[in-house]
Amino acid sequence: MDRLRVGVLGPTGMMGQRFVQMLCGHPCFELAGLYVSRSSIGKRYSEAVSWKLGPSVPEQVSGIRIAEPKAKAMRKEKVDLVFSALPSESAATIEKPLSVAGIHVVTNSSYHRMDPDVPLMIPEVNGDHLRILQGRKRKGILVTNPNCSTTGLVMGLDPIRKLIGSEVFVSTYQALSGAGYPGVASLDIMGNVVPFIRDEEDKLIHEPAKILGELEGEKYVPADIRVVANCVRVPVRDGHTISVAFKVKKGATRERIISHLTAKKGIRDLPSSPVRPISVRDEEDRPRPDLDAFAGDPPGMVVTAGRIRVDDGIARMFFLVNNTIRGGAGNSILIAEQCLKEGYI
Ligand SMILES: NC(=O)c1ccc[n+]([C@@H]2O[C@H](COP(=O)([O-])OP(=O)(O)OC[C@H]3O[C@@H](n4cnc5c(N)ncnc54)[C@H](OP(=O)(O)O)[C@@H]3O)[C@@H](O)[C@H]2O)c1
């Protein structure tokens, strides 16, 4: 089967580099175009990027010149779909016009996440939300990824929704790669924790209700879930750790929670979906970013749960999500695989 020719918007940043790495050699997609950065239009990728994901830029993309994000030029190069790793401000003016012009866009940026006609997707959780695209007015699709911590939280809560109350108390310990590159200044983060990440708590509070909600006709009915969130930046390279506490319903034991989490299945036939998207660790000191951030197959696509305890009707646990893979590029690529399989692309 011919692979679909795709591009990346913002390929020089942390998330853009992860897209480039994951798309090289992908069975359904061929990386053929790199578009837009503040300073590098016209440069070869290897000259423009400060590559952070291994010894050198993958050979197959090192010579691609970074171009302006124009639909006409993309069509000429037969690029049908772009993955966006742009900051919200530039996504605001670039993504929708591309999809109106017929280029499909799957984005990590937060700008369109809460739009009523745009799915906010984790395929194993709310794959049915793609239905909203059936009535779309734009020629190209526009689909969004949740915030990276939201993805870890929602993937962990989804299999146990029926066992828990509607209030969830969350604290996150978020990795430096989540702040992009160059990200947080070293003097602010070395040996330190920073109890503020701009706009992060709002995303964790609002996005879960849309993802876990129902699509009735063309309208989202938000789920009955209230998240209370505190977000902290910590000196870890990859992997957001999420501390979670909530009331449980009668009969919800530790064992039942574990059996629901481990029973959750991936999506067959999608190359980026793990067989089991949640891994539960029994050790008293897991999950940990150094050991679990790249768990699963493909690496980094599994959310790891651990320290699951239920006492006096209250459950406490930790989830760990790889922020640039399952919390970012990997989830976007999985969304695009589902769109391709179901004929939306
Ligand atoms: N990092 C994560 O873990 C994570 C997780 C989920 C979602 N996200 C989202 O993914 C997006 C990218 O995040 P990131 O961490 O990769 O950020 P980043 O490292 O700062 O990269 C941003 C990219 O966008 C380009 N860019 C910046 N300003 C631009 C402008 N005004 N016009 C055109 N291009 C511009 C940059 O080009 P230059 O290299 O020329 O500056 C770079 O390629 C953000 O929307 C973020 O919220 C990130």
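Please treat every number below as a calculation from the coordinates, not as lab data. Here the structure is a predicted model, which means the values were calculated and not measured. When we count neighbours, we look across all protein chains shown, and the Cβ atoms used for this are built from the backbone with ideal geometry, even at glycine.
Figures for the structure shown
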| read-out | value |
| --- | --- |
| Number of positions in the range 170-220 that are more than 21 Å from the chain's Cα centre (by Cα) and either part of a strand (DSSP E or B) or within 12 Å of the ligand (Cβ to nearest atom) (or both) | 3 |
| Condition check for LYS70: within 14 Å of the ligand (Cβ to nearest atom) and in contact (Cβ under 8 Å) with a residue 40 or more places away in the chain | no |
| Total residues in the range 240-264, condition surrounded by fewer than 15 Cβ atoms within 10 Å (Cβ to Cβ) and closer than 30 Å to GLU200 by Cβ | 3 |
| Filtered residue count, the range 85-94, keeping only those that are within 11 Å of SER110 (Cβ to Cβ) and touching a Leu at 6+ places or on another chain (Cβ under 7 Å) | 1 |
| Segments classed as strands (runs of 3 or more DSSP E), wholly inside the range 229-334, with at least 1 members that are aromatic (Phe, Trp, Tyr) and in contact with a Ser or Thr (Cβ under 8 Å, 6 or more places away or on another chain) | 314-321 |
| Options ALA85, ALA101, ALA91: the member that is out of contact with any strand residue (DSSP E or B) (no Cβ under 8 Å at 6 or more places or on another chain), under 21 Å from ARG113 (Cα atoms) and hydrophobic (A, V, I, L, M, F, W, C) | ALA101 |
| Elements of type helices (runs of 4 or more DSSP H) in the range 1-86, at least 1 residues being buried (at least 16 other Cβ atoms within 10 Å of the Cβ) and aromatic (Phe, Trp, Tyr) | 14-23, 45-48 |
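Residue by residue, here is whether (1) under 19 Å from ILE267 (Cβ atoms); (2) away from the ligand (no atom under 14 Å from the Cβ) holds:
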site	(1), (2)
GLY296	yes, yes
ALA305	no, yes
ARG309	no, yes
PHE318	no, yes
ARG326	yes, no
CYS339	yes, yes
